[in-house]
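Any read-out appearing in this document is the output of simple, stated calculations on the displayed coordinates, not a laboratory observation. Note that this is a predicted model, so its numbers are computed, not measured. Virtual Cβ from ideal backbone geometry, glycine too; neighbours counted across all protein chains shown.
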Amino acid sequence: MKRTILLGLGLIFLLGTHVFAGERLVREARTYPKDMKYARGKKGRKYVRRLSLRENLSNDKLMIYDTLGYTPHRLRYNHAGERTERWKYYSLGVEYWFDEGGYLIETRRFPPEANHID
């Protein structure tokens, strides 16, 4: 009998905290351009990530993104607590290195690859 009562009280407590936690959680709706068509599921999430990338960029990263556009070749490194990010544009033959704050550290050039998808 005691087990049943304790189990019932535990379930009521868990359900009650879940209901109250849901009321405190507020999510802001994302806004998309009017001409943008996006699908649900895996492909839709990919489009949303690409659209929200520009919102999170700053400094030199934002300037390069606006001039050259999106590149799928972005790598982030964490070496000894220092984070760097590398963006490669194979068709142009350029690699940009950024620091944690989004400032350009270094620009490297290599022979461009004509048949590479950017």
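Determine if the range 108-117 includes at least one residue that is aromatic (Phe, Trp, Tyr) and within 16 Å of the chain's Cα centre (by Cα).
No, because not a single residue in the range 108-117 is aromatic (Phe, Trp, Tyr) and within 16 Å of the chain's Cα centre (by Cα).
Can you tell me how many residues in the range 45-69 are free of Cβ contacts under 8 Å to residues at least 24 places away in the same chain and closer than 14 Å to residue 101 by Cα?
Adding up the residues that qualify gives 2.
Just to verify a result, which residue in the range 70-86, among those that are under 19 Å from residue 46 (Cβ atoms) and free of Cβ contacts under 8 Å to residues at least 24 places away in the same chain, is surrounded by the most Cβ atoms within 10 Å (Cβ to Cβ)?
Restricting to residues being under 19 Å from residue 46 (Cβ atoms) and free of Cβ contacts under 8 Å to residues at least 24 places away in the same chain, the top hit is 74.
Only one residue in 93, 69 is closer than 24 Å to residue 115 by Cβ, of a type outside the set (Ser, Thr, Tyr) and touching a strand residue (DSSP E or B) at 6+ places or on another chain (Cβ under 8 Å). Which one?
Just a single option satisfies the conditions, and that option is 93.
Which ones in the range 72-118 are among the acidic types (Asp, Glu), closer than 19 Å to residue 57 by Cβ and outside any strand (DSSP E or B)?
Pass one, the range 72-118, residues among the acidic types (Asp, Glu): 82, 85, 95, 99-100, 106, 113, 118.
After this cut, where a residue has to be closer than 19 Å to residue 57 by Cβ as well, the list is 85, 95, 99-100, 106, 118.
Scanning the range 72-118 gives 99, 100, 118.
Within the set of pairs 6+ apart or on separate chains, which have a first residue in the range 90-111 that is in contact (Cβ under 8 Å) with a residue 40 or more places away in the chain, a second that is surrounded by fewer than 15 Cβ atoms within 10 Å (Cβ to Cβ) and among the small types (Gly, Ala, Ser), and C-beta atoms under 7 Å apart?
Matching pairs, first to second residue: 102/58.
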